[in-house]
1. What residue, of Gly179, Gly171, Gly166, is under 30 Å from Arg99 (Cα atoms) and in contact with a helix residue (DSSP H, G or I) (Cβ under 9 Å, 6 or more places away or on another chain)?
2. Check off (1) farther than 23 Å from His53 by Cα; (2) modelled with pLDDT of 95 or more for Pro75 and give me the number that stays unchecked.
3. Quick check: is even one residue across the stretch 190-205 farther than 30 Å from Arg99 by Cα and hydroxyl-bearing (Ser, Thr, Tyr)?
4. Right, Arg156: among the charged types (D, E, K, R) and under 17 Å from the mean Cα position of the chain (by Cα) or not?
5. In the stretch 46-118, which strands (runs of 3 or more DSSP E) lie fully inside it and hold 2 or more residues that are within 20 Å of Val218 (Cα to Cα)?
6. How about the stretch 47-93: which of its residues are among the charged types (D, E, K, R) and more than 17 Å from Gly150 (Cβ to Cβ)?
7. Out of everything in the stretch 211-227 that is surrounded by 13 or more Cβ atoms within 10 Å (Cβ to Cβ) and more than 15 Å from the chain's Cα centre (by Cα), what residue ends up being nearest to Arg144 (Cα to Cα)?
Amino acid sequence: MSNLPQNLHSTVLPFFALAVTVTSVQAQMGVGISAKASTLGAGGEIVIGLSRHIDIRGGVNYMTLTVNRSLENIPYSITPRALSFTGLLDFHPFDNAFRLTGGYISNSNQAKFFAAPTSPITVGSTVYQPSDVGHLDGMLDWKRSAPYVGLGFGGRSTVAITFDVGLVLSGVPRVSLTGTTNLTGQAKQVFDQNVAQELATIRKDINDNAKYLKYYPVVSLGLQVWP
């Protein structure tokens, strides 16, 4: 019987400490939702509070538009499409709205570019008339998942404005280019070689700027509701 208090001490106190810890975490947990606009597009997030200092976020972003730009002096219609899914971990080091963020982005971002010339263009080293070139089709895309690091503000007020800045370590984009032509025989072979030369030039331009292109900047502003 003299060992009973010691047994109670070693058995009950750990369970009591665990119960207190679970109760404390449950009191701090909650679920918030937010709508946001960013350089990744328009989107929304679900935020789950795990403790006073830790939140996790999952979201989706989407954006598309069309712009006209020249690549190697060829006018293209370029249609970027940004579609991404985010999984992020927030750390609030000072027990306030300021947060440090890390995570991964599932990246389906891409840009299609299309040229249907109406005047003579130079492809590779040869000048072609519009009647010789049907169209040029290209694609720019990135690896499918990429790390994200950033910082910002996002507290647990009932209604709050959120702000984040960061970088997606998306890597150097990949590019492809194909062309159609009415030419046949030897002339078509030369055309295909010139398209390949055009692609090689575009890839060289990308590689020359790789140290800038492999980081995608993210600036985000949102409205968060925490019931």
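The values are calculated or read from the model by the stated rules, or taken from the named source; none is laboratory data. Here the structure is a predicted model, which means the values were calculated and not measured. Note that each Cβ is placed from the backbone with ideal geometry, even for glycine, and that neighbours are counted across all protein chains shown.
1. Gly171
2. Pro75 satisfies every listed condition except (2).
3. Within the stretch 190-205, one or more residues are farther than 30 Å from Arg99 by Cα and hydroxyl-bearing (Ser, Thr, Tyr).
4. Considered against the rule, which asks whether it is among the charged types (D, E, K, R) and under 17 Å from the mean Cα position of the chain (by Cα), Arg156 comes out as no.
5. 54-64, 74-91, 98-107, 110-115
6. Arg52, Arg69, Glu72, Arg81
7. Checking each candidate, the answer is Gly222.
Residue-by-condition table, conditions (1) among the polar types (S, T, N, Q); (2) touching a residue at least 60 places away in the same chain (Cβ under 8 Å):
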position	(1), (2)
Ser170	yes, yes
Thr184	yes, no
Ala187	no, no
Phe191	no, yes
Ala196	no, yes
Arg203	no, no
Ser220	yes, yes
